[in-house]
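The values are calculated or read from the model by the stated rules, or taken from the named source; none is laboratory data. Small disclaimer: the values here were computed from a predicted structure and weren't measured. All Cβ positions, even for glycine, are placed from backbone atoms using ideal geometry, and neighbour counts span all protein chains on display. Only protein heavy atoms, including side chains, enter the accessible area calculation; ligands, DNA and RNA are left aside. Shrake-Rupley method; radii C 1.70, N 1.55, O 1.52, S 1.80 Å.
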Amino acid sequence: MADNSQIAYQLKAGYKCSQMQEEGSALCSAEFDGVVCWPPTHEGDTASQPCPGYLPTNLSLVNRTCLSNASWESSESLNYTACGLDSECVSSLRQQYERIQEQQVSSMPPVPNPDAQFLMRLLEECYARRKFTSPPEGLHCPLTFDGLSCWNYTLAGETAVLPCPYFVAGFDPRRFAFRHCMEDGKWFQHPESGQSWSNYTTCVDMEDLEFRQLVNSLYMAGYLISVVALCLSLTIFFSFRSLKCTRIAVHVQLFLSFASNNIMWLIWYKYVIADPTVVKNNGEWCQALHIVLQYLMVANYMWMFCEGLHLHLALVVVFVKERVVMRWFHATGWGLPFILTAIYAGVRGSRPDDSQRCWMEDSHTQWILTAPVLISMVASTIFLVNVVRILLTKLHSASANPAPVGMRKAVRATLILVPLFGIHHILIPFRPEPGQSGEKLYQVFSAVLVSLQGFCVSCLFCFANMDVHYAVLPLLKQLFGGESTMAAPGAHTITQSSRDLCV
């Protein structure tokens, strides 16, 4: 028997049935029930079909009646014992064919997806054991395939044990699944479904599952805090005229990239991570969401690069046209990440092994994005080192041309953020494998660091910004009944600080 003969038979028979012509209204339509193709049959007649060709009893016949209302008798009542198939074998064949049908395009001949074909191969290998495996003496449960595992003949009253399927997401293959054979020689049936049941609940490491859920909760909490802080910062920047300048414009773009990215991550954790069905179905929308997330991640780091570059230009290049600079910043911050992400999506999408499970699995193609990010972080560090050198030599406080206070504070904030943003990518090659010591600590550290980056940006570039303080404090004093004269002494300071910030 050729490999995948059952798959080939089912696909050919299913396609043949779908192409059969029907004439007249008093006919039962052609139907493939996963085992046999039943041709169009007049109501009241009985159709006889040979057993599937891959079975040794393929010369035997099975019958099915077309009822008086032009509908077939229930497939559940059909008796395939003449073909050597018990009810569980028939049920397994139908279940696997249903899996194939769900993944097919109606206008094309049936083609199994890799998962369905893989399971069909397991089914074929399982029932092929009957040729060279003798059942035990005495009352026993039959060899059967439950859709995931092949359970061997088992004596009545005993429990069969198998390693958990390695190909099921969330299952630990080092653990074991169970299936109990009852005293009457039948497999245990679940009281709710009434179907024979295998116990796979032990395949999930509940302690590890709880830890993963904790990590996911940390991510969601951190992203939510960051979104609130970023939105508040953007509101402040858009509300005060004294904060309108190139430096703040770069801040705004950085904040917008972070806010949109964090919102998308909240959607990802809410509707993808929390729903295993979405991951299993691997729909186009969740793949697109992954690509958008990667684009915004790269945009975050490109705008961080623009922050360092702007500081460098402000000190090294005396005369800079702000419109030209912002045009190049927009091309770098939004345009370059689009090109990189398009390349990443094209390369990864062409690799079937990397295109499963909503692209959640680690892939070497990730370096298409990670490498430019690391290069941008190195470039930002070089810019900042040069800026600090200039501040410490040519523009120190004793110089005839001292560095503006706003500039020095901006440099300090950027110096903090660059290593903070870069450490996550620098540690990628050193990430412990699942189950190794330090893996849980790494996951928690990564969750806190990554999800709160937006909050750190807001604190350093907005909430700790003295120009923001000078812009907001007079308004707060007016709202809360403070004396208006208190703002007067700071008028010169506000003007000076704004001038320093917008160099």
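Report yes if some residue within the stretch 320-327 is within 25 Å of LEU224 (Cα to Cα), among the hydrophobic types (A, V, I, L, M, F, W, C) and open to solvent by 10 Å² or more (accessible area, probe 1.4 Å); otherwise report no.
No - not one qualifying residue is present in the stretch 320-327.
Condition first: assigned to a helix (DSSP H, G or I), more than 17 Å from LEU449 (Cβ to Cβ), in contact (Cβ under 8 Å) with a residue 24 or more places away in the chain and open to solvent by less than 10 Å² (accessible area, probe 1.4 Å). Can you find one or more residues in the stretch 225-237 that meet it?
For the stretch 225-237, residues assigned to a helix (DSSP H, G or I), more than 17 Å from LEU449 (Cβ to Cβ), in contact (Cβ under 8 Å) with a residue 24 or more places away in the chain and open to solvent by less than 10 Å² (accessible area, probe 1.4 Å): present.
Which residues, counting only those in the stretch 347-368, are of a type in the set (A, V, I, L, M, F, W, C), surrounded by 15 or more Cβ atoms within 10 Å (Cβ to Cβ) and over 16 Å from ALA288 (Cα atoms)?
The answer is ILE368, and nothing else.
What residue, among those in the stretch 55-74 that are open to solvent by less than 30 Å² (accessible area, probe 1.4 Å) and closer than 24 Å to ARG130 by Cβ, is modelled with the highest pLDDT?
Within the stretch 55-74, the match that is modelled with the highest pLDDT is VAL62.
Looking at (1) open to solvent by 20 Å² or more (accessible area, probe 1.4 Å); (2) without any contact (Cβ under 8 Å) to a residue 24 or more places away in the chain; (3) of a type in the set (S, T, N, Q), which is the one condition that is false for THR332?
Result: THR332 fails condition (2) only.
Only residues in the stretch 381-399 that are open to solvent by 40 Å² or more (accessible area, probe 1.4 Å) count as the first member; pair them with residues that are modelled with pLDDT under 75, Cβ under 6 angstrom, at least 6 apart or cross-chain, and list the lot.
THR381/VAL418
Confirm whether MET182 is open to solvent by 40 Å² or more (accessible area, probe 1.4 Å), over 32 Å from the mean Cα position of the chain (by Cα) and either acidic (Asp, Glu) or at pLDDT 90 or above (or both). Please lay out each step first, then the result.
Working: open to solvent by 40 Å² or more (accessible area, probe 1.4 Å): yes; over 32 Å from the mean Cα position of the chain (by Cα): yes; either acidic (Asp, Glu) or at pLDDT 90 or above (or both): yes.
Taking the combined requirement at face value, the residue satisfies it.
Can MET326 be described as within 25 Å of the chain's Cα centre (by Cα) and either of a type outside the set (Gly, Ala, Ser) or within 17 Å of ILE368 (Cα to Cα) (or both)?
Values: within 25 Å of the chain's Cα centre (by Cα): no; either of a type outside the set (Gly, Ala, Ser) or within 17 Å of ILE368 (Cα to Cα) (or both): yes.
Considered against the rule, which asks whether it is within 25 Å of the chain's Cα centre (by Cα) and either of a type outside the set (Gly, Ala, Ser) or within 17 Å of ILE368 (Cα to Cα) (or both), MET326 comes out as no.
If only one of GLY170, GLY194, GLY138 is of a type outside the set (Ser, Thr, Tyr) and open to solvent by less than 50 Å² (accessible area, probe 1.4 Å), which one is it? Before you say what the answer is, go through the steps one by one.
On the way: GLY170 fails: open to solvent by less than 50 Å² (accessible area, probe 1.4 Å); GLY138 fails: open to solvent by less than 50 Å² (accessible area, probe 1.4 Å).
Result of the check over GLY170, GLY194, GLY138: GLY194.
Residue-by-condition table, conditions (1) aromatic (Phe, Trp, Tyr); (2) closer than 21 Å to GLN253 by Cβ; (3) modelled with pLDDT under 80:
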{"position": "LEU415", "(1), (2), (3)": "no, yes, yes"}
{"position": "PRO419", "(1), (2), (3)": "no, no, yes"}
{"position": "GLY422", "(1), (2), (3)": "no, yes, yes"}
{"position": "ILE428", "(1), (2), (3)": "no, no, yes"}
{"position": "LEU441", "(1), (2), (3)": "no, no, no"}
{"position": "LEU449", "(1), (2), (3)": "no, no, no"}
{"position": "LEU460", "(1), (2), (3)": "no, yes, no"}
{"position": "GLU483", "(1), (2), (3)": "no, no, yes"}
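Of all residues in the stretch 221-251, how many are more than 20 Å from TRP303 (Cα to Cα) and among the small types (Gly, Ala, Ser)?
Qualifying residue count for the region: 4.
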